[in-house]
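Structure first, commentary second.
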Amino acid sequence: METILLGIPWIPVLATLLAVRGRAPAAVAASSCGTVVVALLALWAEGRTVAAELPWFPALGTAYRLQADGLGLLFALLVAGVGVLVALYAGAYLEHEARQPAFFAYLLLFTGAMLGLVLADDLLTLYVFWEATSVASFALIGFNDDRWEARQAAVRALVVTVVGGLAMLAGFVLLAQEAGTFRLSELGPLRDSPRAGWILALVLAGAFTKSAQVPVHFWLPGAMVAPTPVSAYLHSATMVKAGVFLLLRMLPVLGGLEAWRAWVVPTGLVTFVFGAAVAVLQDDLKALLAYGTVSALGLATALVGAGTELGRDAAVLYLLNHAAYKGTLFLLAGAVEHEAGTRRIRELRGLGRRMPATAALAAVAAFSLAALPGSGGFVAKDAVAKALEPSLEPWLWLGAVLSSAFAFRFLQVFLGGPDGVKRHEPLGLWAPALPLAALCVVFGTWRALPEAILAQLGAGHNVWPELSAAKAVPAVSAALAGTGVGWIGTSLVVRWPALRWNGERVFDAGQAALMRFAESLTSTTLTGRLRDYLVVVLGVAVVGAGWPLVGARWPEIRPVAYEAVFVGIGACAVLVTVLSRSLLGAVVALGAVGYAVVFLFMSLRAPDVALTQVLVETVTLVLFLAVVVHLLSPDVPDRHPWAGVDLVASVCVGLVAAALAFQATAGPPTRRLAEFFAENAERAGGANLVNLILVDFRGLDTLGEITVLGIAALGVLALARRAV
C-alpha cells in the first residue's frame, strides 16, 4: 500500500504522455483519474492511516512524504472523482478544439499536483505541490491565449497565489524551526513561541490568497475567462479549496492561538456575505457562480476559524456538498453557453423547454445551494449552524438569503419562453453533471453518507438534522426571501454601475505602475556608456568591500626611507598622468609609474618580478607611443562634467584596494606561502620559485591570463584587418 500511495500523484502526470499523443485524450484523462479513485478506495478499505516516504533532502530533514489519513483521503477522492466527470465533460465541450491534447495534459498535471497537495505529510512537499497547482492553473486559465483577457487573468491568478505561497513557505520554515521537524503529522500545538504571530500571519496569507478571501478574492471571478471545464474543476471543486484544506491541516497546530479566531472568523464571514451579495448582481452565469464560490469559501473559512472539532466537521461536510452542487451548476452553465452562445442572464429565457434535462439538474443543484430540506445543503447548513456561535446567526441568515437569491437568478434562464421549442442538449454536456446532482440528493436523504465521512475524520458528532417544522420553516423562509431578493437583483443589474475601482483594476494599475517604474529605471541605468556602468559596479564594490574595514584594527606601519621615495615618485607620476593636457606627456608619466614599481620590487629583492615589470612597462609604453603618434589630435579632449565623480570613484577604489591588500598581508599567516613553495619546489621540478609559481603552482591562473591575452590579440587583429 505504501508504494501505491507514493505513486498516486504521478498517475495523472504519467498519463500526460498518452494525452499529448492526441488519441482520445479525454478518455486517457478520465481513465487515469478513475485509476486514482480505485487506488484511493483500496487505501480507504485498509481502515488505517497509510504513510510512506522517499528520501529527498536528508540534510534539511525533509522528504517526499505522503500520508493517507481521513482528511487527505476525502479530499483526494473529491479531486479524482470530480476529475473523471470533468474529463468526460471536457471531451464533449471541446469537441472541435484543435488543442485538446494540450488542454488535457495541463488538466492532468494539475490533478497530480492537487493529489500530492492533499496527501502531503511534509511541509516542503506540500509547498512544492501547492505551487505546482498555481503553475498548472496559469496554463489552464490562459488556455485561450489569443485573448488578452485570458492572459491577464492567468497572470493575476499566478501572481496572487504565488506571492501568498511564498509567504506560506516562510511560515513553514519558521514553523519547522520551532517544532524541529517538517513532518505535518508530528507538529504539535504552537502556543508559547515568540514567532507564533509571524507564523500564523504567513500561513494565513497563503491560505487566504489560494481560497480567494476578501480582499484578495478578485483573481477568482477574473479566472472565469477559462474554459468551463477549468472553472468547474479548479474554481469550484478543487484548487480553491486548497486554502481551506491548509487551514484544516494547521488547525491542531495554530488553532490554539488567540489570533487564530480573531483573524480567521471575521475574514471568512465578510467574504461569505460579500461574495453572496455581489453574486446576486451578476449578469454572467459563470461570474455569478464565481462570486458564489467566494461566498462559500468564506463560510468554510469561518467554520475552521471557530477552532473546534465540530467546526472542522461542519467545514468538511459543507465543502463536499459545495463541490457537488457548484460543480453541477458550472457544468450546466457551460452547457447553456455551448448551446445558446451566451452566458448573459438577461439574454436567456425559456431554456427549460429546450434543455429539460439540464434544467432539472440545475433545479436539484440550486435547491441544495438554497439549503432546502431533503438536499445536501440542508444537512450542511444545519451543521454550520451548530458549529458557529449563536451571536453569528444574523450573518448566517443574511448569507442564506443572498445564496438563495443568486440560486434563483441562475434558474431564471430556464423559466418562461415560448412553447414548441425544439429540444437540443447533447448528452455529453449534461450527463457528467448527473452524478454530482445525484450526490446532492443522496447527501441530504441518506444518513449513512455524512456519518461515514465524519467517521473517516474520527469524529463522533451527530450532525444529521431531524426534519421538523422548527428546522424546515426557517430554511424555506430564507429560500423564499432569497427569491424576492433575486427578483430585485434582476432589475438592479441593469442599473448597477460598474465599480470604478475593484480588485482587478487595482492589480492592473499596480502592474502598469511597476512596468513604468521598470522602464524608467532601465532608461536611467542602461545609458550605453561604459563609464556609467564602471562607476556603478565599482561603487558597489567599494561599499561592499569597504564596509567590513570600518572599525578594523590596523597594525603599526614602519615605513622605510627609500621605499617612501619610490612611492612618492610613483604618486607624482600619477598626478602628472591625470592632470596632463598632452596625451604624449600622460603616456610617459604612466610609464614612470610602472618604473617606480620596478624599483619597489628591487628593494624587496624580487629581481625576476622586477625584470618582468620592466618588460611589460617597456612594451606597453612603446605601444602607447605608437598609437599616440598616429592620432589626429595628440591633445587630451576637454573634461566632461562628471570628471569629478570619476576622480572620486578612482580614489575610493584605490584606497579600498590598498586597505584590503594591507589587511590581507598585515597579520602573520599560520604558515607562510613562501615556505610552502620552497619546500615543494624540488617536487615541482625547478629551482626558480617565481617561474614555478607561474607555471606550476598557479598554472591554471597563468593559462587563463594567456587565454585572455590571446582573445584580446585576436580582437585587435580583426579590427586592424577591418580598418585596412
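The values are calculated or read from the model by the stated rules, or taken from the named source; none is laboratory data. As the structure is a computational prediction, the values presented were derived from the model and not from experiment. All Cβ positions, even for glycine, are placed from backbone atoms using ideal geometry, and neighbour counts span all protein chains on display.
Summary table below
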{"read-out": "Conditions (1) touching a Leu at 6+ places or on another chain (Cβ under 8 Å); (2) under 21 Å from LYS286 (Cβ atoms): number failed by LYS386", "value": "(2)"}
{"read-out": "Long-range neighbours under 6 Å by Cβ, at least six apart or interchain, first residue over 23 Å from PRO266 (Cα atoms) within segment 387-413, second assigned to a helix (DSSP H, G or I) and polar (S, T, N, Q)", "value": "PHE408/THR483"}
{"read-out": "Residue among GLY510, GLY544 that alone is of a type outside the set (A, V, I, L, M), out of contact with any Cys (no Cβ under 8 Å at 6 or more places or on another chain), under 30 Å from ALA664 (Cβ atoms) and in a helix (DSSP H, G or I)", "value": "GLY544"}
{"read-out": "Which numbered condition VAL265 misses (of (1) touching a helix residue (DSSP H, G or I) at 6+ places or on another chain (Cβ under 7 Å); (2) farther than 27 Å from ASP69 by Cβ)", "value": "(2)"}
{"read-out": "Of the criteria (1) more than 22 Å from TRP130 (Cα to Cα); (2) surrounded by fewer than 19 Cβ atoms within 10 Å (Cβ to Cβ), which one THR228 fails", "value": "(2)"}
{"read-out": "Any hit, segment 603-626, residues being aliphatic (A, V, I, L, M), farther than 28 Å from ILE693 by Cβ and surrounded by 13 or more Cβ atoms within 10 Å (Cβ to Cβ)", "value": "yes"}
{"read-out": "Qualifying residue in segment 456-479 (condition: at pLDDT 80 or above and exposed (fewer than 13 other Cβ atoms within 10 Å of the Cβ))", "value": "no"}
{"read-out": "Residue tally, condition part of a helix (DSSP H, G or I) and surrounded by fewer than 24 Cβ atoms within 10 Å (Cβ to Cβ), over segment 83-94", "value": "4"}
{"read-out": "Subset of segment 46-60 [surrounded by 14 or more Cβ atoms within 10 Å (Cβ to Cβ) and either under 30 Å from the mean Cα position of the chain (by Cα) or among the hydrophobic types (A, V, I, L, M, F, W, C) (or both)]", "value": "VAL50, ALA51, ALA52, GLU53, TRP56"}
{"read-out": "Check on ARG65, without any contact (Cβ under 8 Å) to a residue 12 or more places away in the chain and over 23 Å from SER236 (Cα atoms)", "value": "no"}
{"read-out": "Residue count for segment 112-154, restricted to those that are of a type outside the set (Asp, Glu), more than 17 Å from the chain's Cα centre (by Cα) and within 20 Å of HIS217 (Cβ to Cβ)", "value": "1"}
{"read-out": "Answer residue from segment 168-222, given it is among the polar types (S, T, N, Q) and surrounded by fewer than 15 Cβ atoms within 10 Å (Cβ to Cβ) and is farthest from the chain's Cα centre (by Cα) among those", "value": "SER185"}
{"read-out": "Residues (more than 17 Å from GLU617 (Cβ to Cβ) and either among the small types (Gly, Ala, Ser) or in a helix (DSSP H, G or I) (or both)) located in segment 572-597", "value": "LEU575, VAL578, LEU579, SER580, SER582, LEU583"}
{"read-out": "Meets criteria (farther than 23 Å from ALA657 by Cβ, in a helix (DSSP H, G or I) and modelled with pLDDT under 85) for LEU521", "value": "no"}
{"read-out": "Selected residue [part of a helix (DSSP H, G or I), modelled with pLDDT of 95 or more and either crowded, with 20+ Cβ neighbours inside 10 Å or more than 22 Å from the chain's Cα centre (by Cα) (or both)] from LEU74, LEU43, LEU109", "value": "LEU109"}
{"read-out": "Tally, over segment 46-62, of residues that are part of a helix (DSSP H, G or I) and in contact (Cβ under 8 Å) with a residue 60 or more places away in the chain", "value": "1"}
{"read-out": "Residue list for segment 3-13, restricted to those being farther than 12 Å from PHE104 by Cα and in contact with a Ser or Thr (Cβ under 8 Å, 6 or more places away or on another chain)", "value": "ILE11"}
{"read-out": "Segment 348-391, subset polar (S, T, N, Q) and part of a helix (DSSP H, G or I), residue nearest to the chain's Cα centre (by Cα)", "value": "SER368"}
{"read-out": "Only one of ALA561, ALA596, ALA592 that is small (Gly, Ala, Ser), farther than 18 Å from LEU655 by Cα and loosely packed, with under 11 Cβ neighbours inside 10 Å", "value": "ALA561"}
{"read-out": "Criterion violated by VAL38 - all others in (1) buried (at least 16 other Cβ atoms within 10 Å of the Cβ); (2) under 22 Å from PHE104 (Cβ atoms); (3) of a type in the set (Val, Ile, Thr) satisfied", "value": "(1)"}
{"read-out": "Criterion: at pLDDT 95 or above and surrounded by fewer than 23 Cβ atoms within 10 Å (Cβ to Cβ) - qualifying residue of GLU149, GLU97, GLU131", "value": "GLU131"}
